[in-house]
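Following: one structure in structure tokens, then a few remarks.
Read-outs: derived from the displayed coordinates by stated rules, not from any lab. Keep in mind that this is a model prediction, so the values were computed, not measured. We place every Cβ from the backbone using ideal geometry, glycine too, and count neighbours over all the protein chains shown.
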């Protein structure tokens, strides 16, 4: 699996993050984490991993802003019944949130799974000025790529060192910590979704 990622390189990271940011449900953040770990093993420069992920996030969000939000708008959501029900239920509240806290929503939305791509759509539908959207989107994309990339990079170093020093016990501890982290994150996401 590592060979697949190292042979397809950073364009794969760019494409996955871009498509996720546009709105296609792909594991963009997981890809960034994987490439951060690969960088910790010497396959890539962590600087380039961060730059490529940030660029993919910014370009993908801008495509979502323009193609889905501005050009498609509410008309796009009203074409299909399941989307119409979704739009009727969530868009008015999302538009109010965007009108009141647009910049913060775009910035912090980069760190929340569902908002990672829907914030750009709602900003476009709500006619948030593009220059304002671009500023907050770029700031969020750069901070997200830097934070997640560096955490993965240094965690990858730490995990490799621990496994080398402590062998199978370290590997088992890392797997256990990842499972607990996944469980807590998954339950927290469900809790947040129920609150919204």
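The table for this structure:
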item	result
Residues that are surrounded by fewer than 17 Cβ atoms within 10 Å (Cβ to Cβ) and either under 17 Å from residue 95 (Cα atoms) or under 15 Å from the mean Cα position of the chain (by Cα) (or both), drawn from the range 60-69	66
Lone qualifier among 90, 22 - being touching a residue at least 40 places away in the same chain (Cβ under 8 Å) and farther than 21 Å from residue 155 by Cα	22
Options 70, 127, 74, 84: the member that is more than 24 Å from residue 11 (Cα to Cα), in contact with a helix residue (DSSP H, G or I) (Cβ under 9 Å, 6 or more places away or on another chain) and not in a helix (DSSP H, G or I)	127
Criterion (in contact (Cβ under 8 Å) with a residue 24 or more places away in the chain, assigned to a helix (DSSP H, G or I) and under 12 Å from the mean Cα position of the chain (by Cα)) met by exactly one of 145, 138, 99, 152	145
Candidates 93, 120, filtered to the one that is in a helix (DSSP H, G or I) and surrounded by fewer than 16 Cβ atoms within 10 Å (Cβ to Cβ)	93
Scope the range 41-51; condition buried (at least 19 other Cβ atoms within 10 Å of the Cβ) and touching a residue at least 60 places away in the same chain (Cβ under 8 Å); matching residues	46, 49, 50
